[in-house]
Amino acid sequence: MRQLFTLPILAIMGFSQITLAGEIDFNRDIRPLLSDRCFACHGPDAKHRKGKLRLDEEAAAKDPKRGIIIAGKPEDSEFVYRITTDDPDDIMPPPDLGKPLNSDQKELLAKWIAEGAKWSPHWAYVKPVKHTPPKAPHGWGKSWIDAFAESYFHKANLKPAIDAEPVTLLRRLHFDLTGLPPEPAIVDSFLSKPSSDAYSKIVDDLLDSPHYGEHMAAYWLDLVRFADTVGYHGDQTHNISPYRDWVIDAFNDDLPFDQFTREQLAGDLLPNATTDQLVATGYNRLLQTSHEGGVQAAEYIAMYAADRVRNVSAVWMGATVGCAQCHDHKYDPYTAEDFYTLSAFFADIDDTAHLKNGTNSLPTRREPEISVHSRLERQRIVELETRIKELSAKGESAETKSLQAELTSMKKAVRKTMITRATKPRVTRILPRGDWLDTSGAVVEPAVPEFLGDLGGEGRQNRLDLANWLTDAKIGSGALTARVLVNRLWYRLFGEGLAKDLADFGGQGQPPDHPELLDTLAVRLIELDWKIKPLLREILISRTYRQTSSPSKGHGTFQIAQRLPAEAVRDNALAVSGILTRDIGGASVKPHQPAGYYRHLNFPTRRYKADSGKALWRRGLYVHWQRQFLHPMMRAFDAPRREECTAKRPRSNTPLASLVLLNDPTFVEAAHAFAKRILSEGGTKVDKRLQYAFHRAVSRKPDRHELHTLNDFIEKEGGQDSEDAWFQLARVLLNLSEAYTRR
């Protein structure tokens, strides 16, 4: 065996004087490096593995016959030689990969081997366990969550950051739970008597608000790529808005997440499926489709199957199983066979009807569809029918006539929605290299990824079995699903997940910074029978949540200031101005947008027509989602086209967004309405009006400097008697970063 390392070389690279702080953790420190630099050539994909060397499994990497990694002996390990040599033929990673290791990374890997090359299974595939909260050194908070947080700060030689200011906290809480700003009366009431009980009462009220379901639904719709149009080819509208309303109702009802999963994946397979459960199966129809004349059915069936695998794995598993469509996954244990067995669960969904009878009409036909009322409409219809029957018995025909007219109108207000109806399952084959023309691959039956276990039972498994497996914490992957979900809930409340990559818990994802906290949250969700509201409440009342997002030096915080998502930016302006329509549910709406924006939409050619009246001022959640031509305001504020799962929206800061806030007709109209509100509700004196306006916009009173600046502005714009001056002031306030930033 050749001498791979000499002591002088070790000294040159600084190995003998490594001062890397803390204990090396394989999942946190080593696996990400191996995955990013090595696994593409030496990982799970057997067909493309080079040198017959596998570095993603401990036994193969430490095979004594090969001497690649020899625990405790970096000087004899081929691995260390390869990452430190200057020989262009031997160096790893190869230069053409474009991912060289820096000196710190080389030292880290060498030190890891010197310390015994301790290996750990991938954190995301290990069932989470509940950890006892560490003993907090100073008792900073009362929550078990605070104990984990304080322990982290203590280890990092940091002090916990102070609590956020009360106004900041209330705005954060309202934006996080409803996507709407707090009413001034709520702020004033809390400031007059701040207490833990008062804060808890506000938390409970917001969790019970119907707007909570709307705000939670907006994020879920990103995950499942909900849109009002088909996406491909002509991007025609399709019937699906009742599914969005079902999601809102489910969050408001705190439908347990396991049942939430079953009804979407397999509501049609449940015994005596209700109308709501059928509406929920619209999830399976949210993918992009086409009926263009040249479409090859086999090609699109393969495309649809791949789309569903990508989405289900991303949404519920935090996995990129879609990467195994053409070959075994390069970084994770998913095989190509896993990809196709997972797709086979959805082979009973009729993906050919629209290829035969799809239309270019608006909306297009996408059978099977059913006509439904929203839940609120159904409740109102029952109330009307009961009341009419009572009045008819009493002979009170005048009121009966009025109610009958309302009932007739309401019964006509049905909406169609796409649903899932099981058919005879198609044959599913492994497609070599993902080629839909190659039918030589083996036939496969529905099954979950082999390394994650199996479903058990006999006979062909179906979508309901998959849904149950995804949420069964004992014999399925439910505990892993819970970890994915709570990480996203944490992201919604703090601005970052405990594991940063919200959709990739695999080798290319970033491991969690606080794995014990993440795992305990996952177990806690299961203990709460998958109910999200009580878990959110535990987080919200913690001191960790209430920390400032702007800590001073030497202090740590979990909170991150962030601009509101696109829908909430719009909702905030409408709410402040007083014109927001707060009705829950209903058909999608079309606000103003630039003329000619749809000029390239054909099959059929269409002209955009904005709605009128109250529909113009509905929440952003209800804005028509045209995949190919998403509303410009939404695009400017980073809303996705929803062609794929979006677990985390980007956060850009561009001049275009500023121009939208100034010139988009919705924001101009909001400013006009806000100005009128200032004049009608703000009193007669300029200072009172300014204080009222400022309080409305950012939930606090202006300080002396701000008040002086605003006074000068009004004077320069024409004085307090000028309505245009107040309109311009309203534009300024709605454009303040403080107005649309959650801190």
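The values are calculated or read from the model by the stated rules, or taken from the named source; none is laboratory data. Note that the structure is predicted; figures quoted are calculated from it, not measured. Here the Cβ is made from the backbone with ideal geometry for all residues, glycine too, and neighbour counts use every protein chain on show. Each accessible area value is taken on the protein alone, full model and side chains, heavy atoms only, with ligands, DNA and RNA left out. Shrake-Rupley method; radii C 1.70, N 1.55, O 1.52, S 1.80 Å.
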So the carbon and sulfur contribution to the accessible area of segment 311-385, 1.4 Å probe, in percent, is 51 percent
Apply the Karplus curve 6.51 cos²θ - 1.76 cosθ + 1.60, θ = phi - 60°, to the phi angles in segment 663-672 and return the couplings in whole Hz, x for Gly and Pro.
10, 4, x, 4, 6, 5, 5, 4, 5, 4
Near the amide H of Thr428, under 5 Å away, which other amide H atoms are found, from residues 5 or more places off or on another chain, if H is placed in the peptide plane?
Val444
In degrees from 0 to 90, rounded to the nearest 10, what is the angle of the helix 723-734 Cα long axis to the longest principal axis of the chain?
20 degrees
Rounded to whole Å and ordered largest first, report the semi-axes of the equivalent ellipsoid of segment 456-540 derived from its Cα gyration tensor (root of 5λ).
25, 16, 10
Pick out, from Gln105, Leu33, Leu53, the residue whose Cα sits farthest towards the positive end of the charge dipole of segment 14-110, with +1 on the Cβ of Lys and Arg and -1 on the Cβ of Asp and Glu.
Leu53
Helix 566-577 sits off the longest principal axis of the Cα atoms of the chain, rounded to the nearest 10 on a 0 to 90 degree scale, by 30 degrees
Assigned charges on the beta-carbon of Lys, Arg, Asp, Glu; segment 497-649 dipole about Cα centre (debye):
920 debye
For the chain, take the longest principal axis of its alpha carbons; what is the angle in degrees between that and the long axis of helix 257-266, to the nearest 10 within 0 to 90?
90 degrees
Dipole magnitude (debye, nearest 20) for the chain, charges at Cβ of Lys, Arg, Asp, Glu:
1080 debye
Along segment 542-557, Karplus-curve 3J(HN,Hα) (6.51, -1.76, 1.60; θ = phi - 60°) to the nearest Hz, with x for Gly and Pro, reads 5, 6, 4, 5, 7, 5, 5, 8, 10, x, 7, 4, x, 10, x, 8
Per-pair calculated FRET efficiency, R0 = 56 Å: Ser612 and Lys111 via Cβ, rounded to 0.05:
0.25
Accessible surface of segment 394-447, 1.4 Å probe, proportion on carbon and sulfur as whole %:
55 percent
Using Cα pairs under 8 angstrom and six or more residues apart, how large is the relative contact order of the chain, in percent?
16 percent
So what is the relative contact order of segment 160-267, in percent, for Cα pairs below 8 Å that sit 6 or more residues apart?
23 percent
So what's the back-of-envelope 222 nm ellipticity for the chain, counting only DSSP H runs of four-plus at -39500 (n - 2.57) apiece and dividing by all residues, rounded to 500?
-13500 deg cm²/dmol
Long-range amide H partners of Val589, meaning residues 5 or more apart or on another chain whose placed amide H is closer than 5 Å, are Val623, His624
So what are the ³J(HN,Hα) numbers for segment 407-413, from phi and the Karplus equation (6.51, -1.76, 1.60; θ = phi - 60°), rounded to whole Hz, Gly and Pro as x?
5, 4, 5, 5, 5, 7, 7
Select from Trp617, Val686, Phe603 the residue farthest towards the positive end of the dipole of segment 601-734; place +1 on Cβ of Lys and Arg, -1 on Cβ of Asp and Glu, and compute about the Cα centre.
Phe603
Output the Kirkwood hydrodynamic radius of the chain, Cα pairs only, in Å rounded to one decimal.
28.9 Å
Taking H placed 1.01 Å from N in the peptide plane, check which residues at least 5 places from Arg742 or on another chain put their amide H under 5 Å from its amide H.
Gln562, Arg563, Leu564
Treat every Asp and Glu Cβ in segment 186-323 as -1 and every Lys and Arg Cβ as +1, leave all other atoms uncharged, and give the resulting dipole magnitude about the Cα centre to the nearest 20 debye.
420 debye
Sorted by mean Cβ packing within 10 Å, highest first, what order do the peptides 141-148, 42-49 take?
141-148, 42-49
By a straight-distance test (C-alpha under 19 Å), which lysines pair with Lys99 as possible cross-link partners, with residues fewer than eight away in the same chain excluded?
Lys50, Lys330
Could you work out what % of the accessible surface of segment 222-300 is carbon and sulfur, using a 1.4 angstrom probe and leaving DNA, RNA and ligands out of the count?
43 percent
Solvent exposure of the chain as accessible area per residue, Å², 1.4 Å probe:
44 Å²
